[in-house]
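The values are calculated or read from the model by the stated rules, or taken from the named source; none is laboratory data. Please read all numbers here as calculations on a predicted model, not as lab measurements. Because the Cβ atoms are built from the backbone with ideal geometry, glycine has one as well, and the counts that use them run over all protein chains shown. The accessibility values were calculated without ligands, DNA or RNA, using every heavy atom of the protein model including side chains. Shrake-Rupley method; radii C 1.70, N 1.55, O 1.52, S 1.80 Å.
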Amino acid sequence: MNFPRALAFAVVLYVVGAMLLLSTGYRINTEPSLFSYSVLWVLMIPAIFVFAKWYFHPVSPTAKAGFLLGLTTLVVGFLLDTCVVLLLGSDMTLTSFYTIIYADWKFILFAVEILLLTTYAGYEFDSTYTAVQ
């Protein structure tokens, strides 16, 4: 696993996801709507595949590597969420933020989507799109 590339992958996906949520009316002190998550679920599919192709260019793609990339993405997203709430969410505590966001079924489905798509990208790119070196 190439950790600097995985970190860049996670940060870029976090920024893309945050922009999508903010563009659909999400605010940090409220629960994202089903519409916001629906937009996020659909538009993150091509984003994950495009950035996964970038990530797997110099890294050997396997399903295991894709799964580890997904786990790394979720951990980095959690850490970035924590930083954003601490810096911008002055009227909100971390506990209430975690309760609102991470206990929601829509977020859990999104986390599963990230894991499945990155795992599939590692599996698919293993034999299909990556040049033999």
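Computed quantities for the displayed model
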quantity: Some residue of segment 79-90 being hydroxyl-bearing (S, T, Y), over 19 Å from P4 (Cα atoms) and open to solvent by 50 Å² or more (accessible area, probe 1.4 Å); calculated: yes
quantity: Candidates D91, D126 - the one that is modelled with pLDDT under 90, over 26 Å from V50 (Cα atoms) and of a type in the set (D, E); calculated: D91
quantity: Single condition A65 does not satisfy, out of (1) at pLDDT 95 or above; (2) aliphatic (A, V, I, L, M); (3) surrounded by 15 or more Cβ atoms within 10 Å (Cβ to Cβ); calculated: (1)
quantity: Hits in segment 44-55 - residues which are over 15 Å from T119 (Cβ atoms) and crowded, with 16+ Cβ neighbours inside 10 Å; calculated: A47
quantity: Evaluation of T99 against (1) among the β-branched types (V, I, T); (2) surrounded by 14 or more Cβ atoms within 10 Å (Cβ to Cβ); (3) more than 29 Å from M1 (Cα to Cα) (one fails), failing number; calculated: (2)
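Table: residues versus (1) closer than 21 Å to L7 by Cβ; (2) among the polar types (S, T, N, Q); (3) open to solvent by 80 Å² or more (accessible area, probe 1.4 Å); (4) free of Cβ contacts under 8 Å to residues at least 40 places away in the same chain.
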position: Y26; (1), (2), (3), (4): no, no, no, yes
position: W41; (1), (2), (3), (4): no, no, no, no
position: H57; (1), (2), (3), (4): yes, no, yes, no
position: T72; (1), (2), (3), (4): yes, yes, no, no
position: F125; (1), (2), (3), (4): yes, no, no, no
